[in-house]
Amino acid sequence: MESPKLTFTALDAKIEAMPEHPSASTVMPKKARRCFTIGFIAAAVGLIAAKIMPSDHLSTVIVTLACLIAEVIGLGLGAASMLPRTWPTFTSERREAAEELDFHLPYHQELIHWLQSHPRDQLETFSTYIGYRQERMRERLPMLTGGIEKLGALPILIALYIQFKGAHWPPHPSWLEIFLIFALVLGYWTSLLQINVRFRLQTYDMLLKKALTGTRRDSGESAL
């Protein structure tokens, strides 16, 4: 029976199907993503409304105040949903890390075995190509966003500082301030998307190399 053709789409689907440990913190919870999205949208609407609507109208005050409240609530709930339920300690963090490794190991081995069911020449082709794409991304990412991904949440804090710096009521930000806020948030989001892709490419590379190492070892044992 001919082995199924290996594709990156199929490999990605296998990785996505792997269950996550309850304590995993590498992915932002869905609730946090929704809250942050609401907060950022409210901030954008409030800034634009404060700029284009007459500052002496009651409707402007109502709209900007409602957006400000929605922004604070959204960002606050998003941040609160990411906080640990219990205060972390060195012992608890080590224990959770060990439990997560035990949880993921069988699924990791299953994925390696699935890759090894494909012809070795396919694995070598995919491994060589993914190495090339990783190198290209390492060169391209600094050109797009520089080192913004290493700043953590600092760009968001800068955007909020610019928004509330010298704030008065009703707010009336300049177009330059609005542009800077959107530029910071867009650059930060673009950087996160690129980093997410880079992490996935690293996962492909690691899995393919591990599968190739296993098939090489099996071939040597068969020859003996």
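The lone criterion from (1) modelled with pLDDT of 70 or more; (2) closer than 30 Å to residue 65 by Cα; (3) not aliphatic (A, V, I, L, M) left unmet by residue 194 is number (2). Scanning the range 98-106 for residues that are surrounded by fewer than 12 Cβ atoms within 10 Å (Cβ to Cβ) and outside any helix (DSSP H, G or I) turns up nothing. Of all residues assigned to the range 8-18, at least one qualifies as being aromatic (Phe, Trp, Tyr), modelled with pLDDT of 80 or more, within 30 Å of residue 120 (Cα to Cα) and not in a loop (DSSP other than H, G, I, E, B).
Restricting attention to the range 35-66, which residues are of a type in the set (A, V, I, L, M, F, W, C), in contact with a helix residue (DSSP H, G or I) (Cβ under 6 Å, 6 or more places away or on another chain) and over 18 Å from residue 175 (Cα atoms)? Please lay out each step first, then the result.
To start, the set of residues in the range 35-66 that are of a type in the set (A, V, I, L, M, F, W, C) comprises 35-36, 38, 40-45, 47-50, 52-53, 58, 61-63, 65-66.
Next, only the ones that are in contact with a helix residue (DSSP H, G or I) (Cβ under 6 Å, 6 or more places away or on another chain) stay: 35-36, 38, 42-43, 45, 47, 49-50, 53, 63.
Result: 35, 36, 38, 63.
Against the list (1) at pLDDT 85 or above; (2) in a helix (DSSP H, G or I); (3) of a type outside the set (Asp, Glu), the condition residue 48 fails is (1).
Looking only at the range 154-182, which residues are among the small types (Gly, Ala, Ser) and either more than 15 Å from residue 48 (Cβ to Cβ) or at pLDDT below 70 (or both)? Full working, then the answer.
Going through the range 154-182, the residues among the small types (Gly, Ala, Ser) turn out to be 159, 166-167, 174.
Once the filter is applied, which keeps residues that are among the small types (Gly, Ala, Ser) and either more than 15 Å from residue 48 (Cβ to Cβ) or at pLDDT below 70 (or both), the range 154-182 yields 159, 166, 167.
The values are calculated or read from the model by the stated rules, or taken from the named source; none is laboratory data. Keep in mind the model is a prediction, meaning the values are calculated, not measured. Using ideal geometry, Cβ is built from the backbone for each residue, glycine included, and neighbour counts are taken over all protein chains shown.
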